[in-house]
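The values are calculated or read from the model by the stated rules, or taken from the named source; none is laboratory data. Quantities reported herein were computed from a predicted structural model and do not represent experimental measurements. Here the Cβ positions follow ideal geometry from the backbone for every residue, glycine too, while neighbour counts run over all protein chains shown. For the accessible areas, the whole protein counts, side chains as well, though only heavy atoms, and no ligand, DNA or RNA atoms are used. Shrake-Rupley method; radii C 1.70, N 1.55, O 1.52, S 1.80 Å.
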Amino acid sequence: MKKNLSISILLITVLIVCSSYYLYPRKGTLNSFLFSNYNKENIEKIEIRSTLGGEDKTIKDKIEINNILFDLSKIKLIQHYGSVSDRTKGSYHIYIYDKNSISAEVTIQGKEYINIANNISNSNKEYRIIENTLDLDYINGLIS
């Protein structure tokens, strides 16, 4: 009886520790969450669209692409598990093309949230922007 109780307590403890690790929000930058999976040199085109004004711009110049990726990769994020469905007004969609197909989509939702859909790893995750590291004026300047 005592042995069964100690095994049950051990299993419950292991289950709690494993689930806590899985649900613990991960911190990092856009670079660590998106660009760690593949080579940035394979990116051929970036397309930026605004839902607020309907503007869009396609960038194919490698130097400009590298500058954009460098600036965006510094955005600090923490994984978010809640709903952000009501925050799509005034959002920006950044499509990253690799060999003429979309390899990733970054949706910037205001100054607070970012959604990363990575087609290479087939993942779609929500993140909250921390430490006010997003410069929306920079994004506006890219599409105007």
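Would segment 6-29 turn up any residue that is at pLDDT 85 or above and of a type in the set (A, V, I, L, M)? Steps first, answer last, please.
The first filter runs over segment 6-29 and keeps only residues at pLDDT 85 or above, leaving none.
Scanning segment 6-29 turns up no residue that is at pLDDT 85 or above and of a type in the set (A, V, I, L, M).
Here is a yes/no grid of residues against (1) open to solvent by 20 Å² or more (accessible area, probe 1.4 Å); (2) in contact with a helix residue (DSSP H, G or I) (Cβ under 9 Å, 6 or more places away or on another chain); (3) in a loop (DSSP other than H, G, I, E, B):
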position: Ala104; (1), (2), (3): no, yes, no
position: Ile108; (1), (2), (3): no, yes, no
position: Lys111; (1), (2), (3): yes, yes, yes
position: Ile114; (1), (2), (3): no, yes, no
position: Asn124; (1), (2), (3): yes, no, no
position: Arg128; (1), (2), (3): yes, no, no
position: Asn132; (1), (2), (3): yes, no, yes
position: Asp137; (1), (2), (3): yes, no, no
position: Asn140; (1), (2), (3): yes, no, no
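Within segment 38-65, count every residue that is in contact (Cβ under 8 Å) with a residue 24 or more places away in the chain, surrounded by 13 or more Cβ atoms within 10 Å (Cβ to Cβ) and not in a strand (DSSP E or B).
4
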